[in-house]
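One structure is given below, encoded as structure tokens.
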Amino acid sequence: MEIVPSPTPTPRPTPDPAPSPVKRPFVPPSPEATPHKTTQPSPTSKPAEREQPESTTTPSPVQTPSTPTPVPQKETPTPTPKKKHHWFFFGGRDDSDSIVVQKSGAEAEKDLVPATGGGGVQWQYLTPAVRKAIDDAHVARNRWKYIIVHNSGTRQGNARIFDYYHRRVRKMPNGLAYHFVIGNGTSSGNGQIEIGNRWDRQLNGGHVHSDYLNYISIGICLVGDFNRDLPTKAEYEALDELIRYLRRRVGKIDGKYSIVRGHREINPRPTDCPGNRFPLNWLHRSFPD
């Protein structure tokens, strides 16, 4: 009966350590391969680990479609807002419309004359500011048929002084009766061209004794009393430049430029303006009808 326990010491677990050494030589090559493999798939393992907890949780399927949904990302860089910004930024329609309104649209509705520009002429008294003010006015086509030359009857003065006199003394609501004033060097520069409110706003003049003639004639006043004196050389030259520019700016009427006259040649009532010493012959030769 004691022989029975003898077979028990025969350990069969001995084969267990036998396979274990077999596994040991097999284990070392795997870690050698794993570092090379782990380096490559390590990024994949990390997102896989991130994707696994999201998949394990119930909201993971909701989040998975949310992550691939690039709609908000596509909407933000979508060209539609850019197109809108470009559409307004370019001003393709705004700028073009403004140009159309100023030229073709205004001519169709208000029948305005577009400014012709300087034409490469060297102007001495028509400064860029004066030319810009003349060009910016909304000149109606076929309106200004006459350009009338006056003298102030005083040896000094300027547009501001005459405006005060016409507004306060003569009770003219629009002030200065002329559209332009040319100085003689006393109260303003010699040959300096001043632009009145009536030209800027394209109002009727107040320089001729006729409402109709005031509506169709531009008034230019030279500072001086030309019953006693002559205009200065600068006044002649400034007047010549101003009339030439205005005739081009106003445009032709019935194929002809605006008619240039002295005040006494067109005023219904007798007057000596622009003075007995003013050379009307020079005016007619310089600006024929």
Original post:
Residues in the stretch 133-157 near a label at Lys233, defined as backbone nitrogen under 11 Å from the 7 Å Cα→Cβ point?
Top reply: none
Subject >> Net lengthening on full extension, Asp225/Arg168 (0.36 nm per residue, minus Cα-Cα) >> reply: 18.3 nm
Original post:
So how do 139-149, 253-263 stack up, highest first, on mean other-Cβ count within 10 Å?
Top reply: 139-149, 253-263
**OP:** Compute the relative contact order of the stretch 128-286 as a whole-number percentage, counting only Cα pairs closer than 8 Å that sit 6 or more residues apart in sequence.
**Re:** 31 percent
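Around Tyr178, under 12 Å between beta carbons, what's the net of Lys plus Arg minus Asp minus Glu among the other residues? Don't skip to the answer; put the middle values down first.
Numbers: positive: Arg198; negative: Asp163, Glu194.
Neighbour charge sum, excluding Tyr178 itself: -1.
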**OP:** Could you tell me which of rounded, prolate or oblate describes the stretch 203-276, using a ≥ b ≥ c as the square roots of the eigenvalues of the alpha-carbon gyration tensor, with rounded for a/c under 1.5 and, failing that, prolate when a/b is larger than b/c and oblate otherwise?
**Re:** oblate
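Read-outs: derived from the displayed coordinates by stated rules, not from any lab. Being a predicted model, the structure only gives us computed values, none of them experimental. Here the Cβ is made from the backbone with ideal geometry for all residues, glycine too, and neighbour counts use every protein chain on show.
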